[in-house]
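Undergrad: Take a look at the following structure, please.
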Amino acid sequence: MSVPIRRGWPTFFGARPADDLEDVRADVAFLGVPFDQATNDRPGARFGPLALREASMRLRSAGDGEGWLDAERGERILRGVSMLDIGDVDIRTVELQESFDRITEAAAFVRSRCRFPVFAGGDHAITFPLVRTFQDRSLTVVQFDAHQDYTDERFGQRFSHDNQMRRVSELPCVKQVIQIGLRGALEHTEPWEAARRDGVDIVTSERIVSEGAERALADVRPSGDTYVTIDIDVLDPAVAAGTGFPEPGGIGYYQLKQALLLVAERTSIIAFDICEMNPTYDSGAVTARIAARLMLDLLGAIIPSRE
Ligand SMILES: [Mn+2]
């Protein structure tokens, strides 16, 4: 029957939705994590997965398996790569540790069924329950972020979106942490000093802006399997205002893309998350669109096209 009615709802890049969890198999699987109960500042990142789905529909594949042409690089990416939208983690409001357990359980399920998982937050606290899904690996964690998120404890709080990199660094499976894009005037220096003491590699935003990504990241050598976490606030808020904690300065789209591609080239990325996209503060869905495009760029650098 031919009726001009388009059916279906936004999914990541128009990927097939996982209607039946028994039947989950794909090269790339997207899992939304609509969680923002650990934010210290402006909430709303729980709406990130929905905003990213909508924004990514602008980039939906025609479904012919041809992938996308990166016009500026003259490369076709993700040709013949199957994608699936798994849905969102069922979060338990208020119950922080139970929500974390659910995030870990859902991520482990996705990991067991699909070659490459992509997690879309959510505030940045989710990176801890996500990374602990990979405890059977020896991991480097590369964090793109304006902020260090390396506070040990404040007001008795140890699992907020300002603590998760410290918790991640304590996991026995995590051998190396690299922080890219840091900046800002710090009120407390303990996290900075602790990260230095722990051997965390740090590349500031200003270095990338002044030297370019290639030179600034020349010494960044992730080893082993690598988990990448992208806090969208690493971007200049003049470029991407849709985030809970905008920080003056920062890098642009091309600089972040180039840095992501350099990391992908140097190591084996086994999963990534993108966090802190907050549509409440986004104008014209610009931040959501940039974030969606970066997801595609990074995936294209990680998963080779099938000829
Ligand atoms: Mn962060």
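Undergrad: In segment 247-298, which residues are closer than 21 Å to ARG53 by Cα, among the aromatic types (Phe, Trp, Tyr) and more than 16 Å from the ligand (Cβ to nearest atom)?
TA: Result: TYR253, single match.
Undergrad: Can you tell me which residues in segment 213-226 are touching a residue at least 40 places away in the same chain (Cβ under 8 Å), more than 14 Å from the chain's Cα centre (by Cα) and within 22 Å of VAL168 (Cβ to Cβ)?
TA: LEU217, VAL220, ARG221, PRO222, SER223, GLY224, ASP225 - these are the residues of segment 213-226 that are touching a residue at least 40 places away in the same chain (Cβ under 8 Å), more than 14 Å from the chain's Cα centre (by Cα) and within 22 Å of VAL168 (Cβ to Cβ).
Undergrad: Shifting gears a bit: Do any residues in segment 227-246 that are within 14 Å of the ligand (Cβ to nearest atom) have Cβ atoms under 6 Å from those of residues that are acidic (Asp, Glu) and at pLDDT below 95, where the two are at least six apart or on different chains, and which pairs are they?
TA: GLY244/ASP41; PHE245/ASP41
Undergrad: Right, something else. Tell me which strands (runs of 3 or more DSSP E) are completely within segment 73-171 and hold 2 or more residues being among the small types (Gly, Ala, Ser) and surrounded by 15 or more Cβ atoms within 10 Å (Cβ to Cβ), or say none if there are none.
TA: By residue number, 114-121.
Undergrad: On to the next question. Consider segment 255-284. How many of its residues are surrounded by 18 or more Cβ atoms within 10 Å (Cβ to Cβ) and not in a helix (DSSP H, G or I)?
TA: So the answer is 12.
Undergrad: I'd like the full set of residues that are within 15 Å of ILE180 (Cβ to Cβ) and among the hydrophobic types (A, V, I, L, M, F, W, C), limited to segment 243-261.
TA: Once the filter is applied, which keeps residues that are within 15 Å of ILE180 (Cβ to Cβ) and among the hydrophobic types (A, V, I, L, M, F, W, C), segment 243-261 yields ILE251, LEU256, ALA259, LEU260, LEU261.
Undergrad: List pairs: first in segment 191-212 and part of a strand (DSSP E or B), second basic (Lys, Arg), Cβ under 8 Å, 6+ apart or cross-chain?
TA: Final answer for the pair search is ILE202/ARG196; THR204/ARG183.
Undergrad: Could you grab me the full set of residues in segment 11-32 that are surrounded by fewer than 18 Cβ atoms within 10 Å (Cβ to Cβ), of a type outside the set (A, V, I, L, M) and part of a loop (DSSP other than H, G, I, E, B)?
TA: ASP19, ASP20, ARG25, listed by residue number.
The values are calculated or read from the model by the stated rules, or taken from the named source; none is laboratory data. Treat the numbers as computed from the prediction; the structure is a model and nothing was measured. Cβ atoms come from the backbone with ideal geometry, glycine included; neighbour counts cover every protein chain shown.
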